[in-house]
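No lab work stands behind these numbers, since they all come straight from the coordinates. Since the model is a prediction, treat every value here as computed from it, not as a measurement. Backbone-built Cβ (ideal geometry, glycine too); neighbour counts: all protein chains shown.
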Amino acid sequence: MDARTKILETATRLFATHGYDSTSLSHVAKAASVSKALIFWHFETKENLFQAVLSRTIEPYTIDIDDLDGLNEPEQLRRLIDLYYEFVTENVFSVRFFLRLFLREEKRPDNLFGRILDLYRLYQQLLADVIARGQGRGTLSREVEPSLHAALILSTLNGVLVQGFMGEPEPHPPQRLVEQLKTTLVDRLRVQ
């Protein structure tokens, strides 16, 4: 691993754990086993390092809907739930990083949080569009409001993920809760 990558990974961990204000470049240098001068060489300032960490951390935050091709609407909803769960579990460190920044209410770049919220809203709208399309095609019940049901799916999924973050998987492991979510909020929408 090159020095720049090592500095970024270390800074990401320290900013996420201790926050922006409590993380000094000296702390980063010591934890990364590099000189402070090397950090200055690559990033010039703590602010530049922080911005580089944010940019690197948000890279995987995209929505790829190619996985939905060929699936009917209930299968699309189930797949979207799986994709969301997989993304968060595969990127748990960056999700925790952003949650900690948000909850600490310190050094929050509004443009970055705006982008994350836009992606979240886009995902919710995607769920709502699939529900509405399924209602129009007769594969999903018309008894639910698409946007409200999409919000309910995401809220429930977020609750499952928060429980997993807290390290309290018992008595119900997150994967089992996700399956129950799909059964309760997706499969029951199917028109028989």
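Observations
- Here is the tail figure for the chain: Cα pairs spaced more than 31 Å apart come to 32 percent of all pairs.
- Environment charge of residue 5, counting only residues whose C-beta is closer than 15 Å and scoring Lys/Arg +1, Asp/Glu -1: +1
- As computed over the range 1-106, the Cα convex hull volume per residue (Å³): 109
- About its Cα centre, the range 119-192 has a charge dipole of approximately 320 debye under the convention of +1 per Lys or Arg Cβ and -1 per Asp or Glu Cβ, with nothing else charged.
- For residue 93, neighbours were defined as the other residues whose beta-carbon sits under 12 Å from its Cβ, and their charges (Lys and Arg +1, Asp and Glu -1) total +2.
- Lysine-lysine proximity count for the chain, Cα under 28 Å, sequence distance 8 or more or distinct chains: 9
- Gyration tensor verdict on the range 3-58 (Cα atoms; rounded if a/c is under 1.5, prolate if a/b is larger than b/c, oblate otherwise): rounded
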